[in-house]
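Each remark here refers to the structure printed beneath this line.
Where a number appears in this text, it was derived from the coordinates with a stated rule and is not lab data. Keep in mind it's a predicted model, so treat the numbers as computed, not measured. Counting neighbours? That spans all protein chains shown, and the Cβs are built from the backbone with ideal geometry, glycine included.
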């Protein structure tokens, strides 16, 4: 791996030098602003859990085990997060960087949530890229169907969340462009779903599953 060329910074480009006491005051002010930002994020997540949903149609994808329906992508779980991966090759560096950041999937599975990447690329090309990158997340090709167009991504990228009720599949959330940048951790993915983190502190509609905070966390090989 190559080392990037380092640009020397002029003294005026560096942060100002202050006393420890001045730094402590500045750090406390910043933490207060960060807490406010976090609470605003919690309120947004609560709004996501109250989003209406729209029924989605039937599609056939190509995956590691051959043809798969949209319902198959859930792998038996209740929720599905789909990242629309841009067509390649050549591969989109941003889509690859996003996929590099997807968390250990076992944590999502224990919250009844599946993650998958879908692309208009040929499955053979996607499988080769997945093996090369060492990714855990499954890939599916939507080449030949209207899934990408119906998701509003066409040749671009985006992230959708789906919820199933029996054999019916509903879309509950979508974001694209810079809206994808902050997503990738277990918590940020679950915060986009209608069930959320499923912890008792969350502002969640009645009747949805919840447990105490932290109670469900495990080493990923201990679930």
- Could you please state, rounded to a whole Å, how far the C-alpha centre of region 101-156 is from the C-alpha centre of region 1-72? 21 Å
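Can you give the % of DSSP beta bridges in the chain that are antiparallel, to the nearest 5? Before the final figure, lay out each step's value.
Values: 20 of 31 bridges.
Taking every DSSP beta bridge within the chain, about 65 percent pair in antiparallel fashion.
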- Note on the structure: Taking Cα atoms only, helix 20-48 is inclined relative to the longest principal axis of the chain by an angle, in degrees rounded to 10, of 20 degrees
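Sorting check: for 48-59, 158-169, which peptide has the highest mean count of neighbouring beta carbons within 10 Å, and how do the rest follow?
On the way: 48-59: 13.2, 158-169: 17.2.
Result, highest mean Cβ count within 10 Å first: 158-169, 48-59.
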- Query: Angle, helix 123-133 long axis vs. longest principal axis of the chain, Cα atoms, 0 to 90°, nearest 10?
  - Reply: 30 degrees
